[in-house]
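S.K.: Could you have a look at this structure, given as structure tokens, before my questions?
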Amino acid sequence: MRVGRRSRLVSLSLLLVSVLLTAGLAACSGSSKPAPGPVGLHWVSGANGNYPADVNAWGAFTGRPVGLAIVFTERKDWYNLVSADWPTAAFTRDKFPGELSIAQPPFPKDGNEAACASGAYDNNWRTFGATLTKFGRSDAYIRLGWEFNGDYMYWHVRNAETWKTCFRRAVTALRSTAPAVKIDWNMNAHTDKLPGSGRDVWDAYPGDQYVDVVSIDSYDFFPTSVSEKSWNRQCHQRSGLCTVIQFARDHGKKFAVPEWGVVRAEGGGGDNPFYIQKMYQTFAANSADLAYEAYYNNSEAKNVRSSLYKPDLNPKASKRYLKLFGPASPGTG
């Protein structure tokens, strides 16, 4: 009797898992009907900001605490990359209790991937781990070499094998002094080929043992998402959000979206609530596998101009964001 019931339970469990996985991926190309929200979030949702006050201002806008801060190190030399107090000292847990995601180049502007791969920078990464530990952020997410597939980044991949060796050495050294650190392998959306070599973007994946989170920065541009057809096309590109979700799931990893937002700049979809809707649906459907997501609120003239708050450059998208990502309704979490 126990054996039979157990077998039936196993079969039902497998069926349920299959249904949930199918539903999750279907959300990448599902209905765009607005949800009845705000219904509250069941995942870690963050924002960018130079100081906790900047990040917490986003919480005032959304009506809920900010779960994670997106920050960037200074890139001019090794001291500023790995030893300086900034930005870790500004985000100690007493100043910001949420999680921390730090975008970190694999070397400063005068460095290169070949020297990194040779082990020349290992001591610097051990120092960075010690700095994280010093300020109580040894468990931070580190977006090492983020957006490596964009030729606008000076650390973009030149030789995939060399770059992967560099990445592995940095991770190994960093973990030696900050073993709880979470390594976030982060690509830019809609750039399927590595610059220069033209190799597939996934050829830069360094291996499961060197990655804790597979992530993508996915803005509404090049191409834009203005319909179900255009959303599905970009989301299922080799460097698309849906592809990243599936890859992470296949490799037993969480996925993340450290930067996302509407884009008023050239090539963007402008004030596009449809894109906000689709991102929400995808996060909600795949929340069990989502490590975190963070809206990038920016109004600089030469940047994406995604701002929904102070200033509200995209009022329709801002309204839709608050409807979906705002405070929970009574009785929801």
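The values are calculated or read from the model by the stated rules, or taken from the named source; none is laboratory data. Predicted model, so just to flag it, every value in this text is computed and none were measured. Counting neighbours? That spans all protein chains shown, and the Cβs are built from the backbone with ideal geometry, glycine included.
S.K.: Within segment 55-77, restricting attention to residues that are in contact with a Gly (Cβ under 8 Å, 6 or more places away or on another chain) and within 21 Å of N186 (Cα to Cα), which residue is surrounded by the fewest Cβ atoms within 10 Å (Cβ to Cβ)?
M.R.: G67
S.K.: Among the candidates F128, F135, F148, single out the residue that is more than 17 Å from V211 (Cα to Cα) and buried (at least 23 other Cβ atoms within 10 Å of the Cβ). Can you show your working first?
M.R.: Values: F135 fails: buried (at least 23 other Cβ atoms within 10 Å of the Cβ); F148 fails: more than 17 Å from V211 (Cα to Cα).
Matching residue, one of F128, F135, F148: F128.
S.K.: Kindly establish whether F107 is among the aromatic types (F, W, Y) and assigned to a helix (DSSP H, G or I).
M.R.: no
S.K.: Please work out if A301 is surrounded by fewer than 19 Cβ atoms within 10 Å (Cβ to Cβ), among the hydrophobic types (A, V, I, L, M, F, W, C) and over 20 Å from P258 (Cα atoms).
M.R.: Here the answer is yes, as A301 does meet what is asked.
S.K.: Can you tell which of T191, T243, T172 is polar (S, T, N, Q), within 15 Å of I142 (Cα to Cα) and either in a strand (DSSP E or B) or out of contact with any helix residue (DSSP H, G or I) (no Cβ under 6 Å at 6 or more places or on another chain) (or both)? Steps first, answer last, please.
M.R.: Numbers: T191 fails: within 15 Å of I142 (Cα to Cα); T243 fails: within 15 Å of I142 (Cα to Cα).
Among T191, T243, T172, only T172 is polar (S, T, N, Q), within 15 Å of I142 (Cα to Cα) and either in a strand (DSSP E or B) or out of contact with any helix residue (DSSP H, G or I) (no Cβ under 6 Å at 6 or more places or on another chain) (or both).
S.K.: Can you spot a residue in segment 121-134 that is in a helix (DSSP H, G or I) and aromatic (F, W, Y)?
M.R.: yes
S.K.: Checking the condition modelled with pLDDT of 95 or more and crowded, with 23+ Cβ neighbours inside 10 Å, which residue from D250, D271, D212, D220 passes?
M.R.: D220
S.K.: Out of R199, R249, R233, I need the residue that is free of Cβ contacts under 8 Å to residues at least 12 places away in the same chain and more than 23 Å from A103 (Cβ to Cβ). Which one?
M.R.: Details: R199 fails: free of Cβ contacts under 8 Å to residues at least 12 places away in the same chain; R249 fails: free of Cβ contacts under 8 Å to residues at least 12 places away in the same chain.
Of R199, R249, R233, the one residue that is free of Cβ contacts under 8 Å to residues at least 12 places away in the same chain and more than 23 Å from A103 (Cβ to Cβ) is R233.
Per-residue answers, yes or no, for (1) part of a loop (DSSP other than H, G, I, E, B); (2) over 24 Å from the mean Cα position of the chain (by Cα); (3) of a type in the set (S, T, Y); (4) at pLDDT 50 or above:
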residue: L12; (1), (2), (3), (4): no, yes, no, no
residue: L21; (1), (2), (3), (4): no, no, no, no
residue: L41; (1), (2), (3), (4): yes, no, no, yes
residue: G46; (1), (2), (3), (4): no, no, no, yes
residue: V55; (1), (2), (3), (4): no, no, no, yes
residue: G59; (1), (2), (3), (4): no, no, no, yes
residue: R64; (1), (2), (3), (4): yes, no, no, yes
residue: R75; (1), (2), (3), (4): yes, no, no, yes
residue: K95; (1), (2), (3), (4): yes, no, no, yes
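S.K.: May I pose another question? Looking for something in a helix (DSSP H, G or I), charged (D, E, K, R) and free of Cβ contacts under 8 Å to residues at least 24 places away in the same chain - is there at least one such residue anywhere in segment 265-278? If you could, list the steps in order and put the result at the bottom.
M.R.: First pass over segment 265-278, keeping only residues in a helix (DSSP H, G or I): 273-278.
From the residues that got through so far, the ones that are charged (D, E, K, R) too are 278.
Subset that is free of Cβ contacts under 8 Å to residues at least 24 places away in the same chain: none.
The answer is no; no qualifying residue exists.
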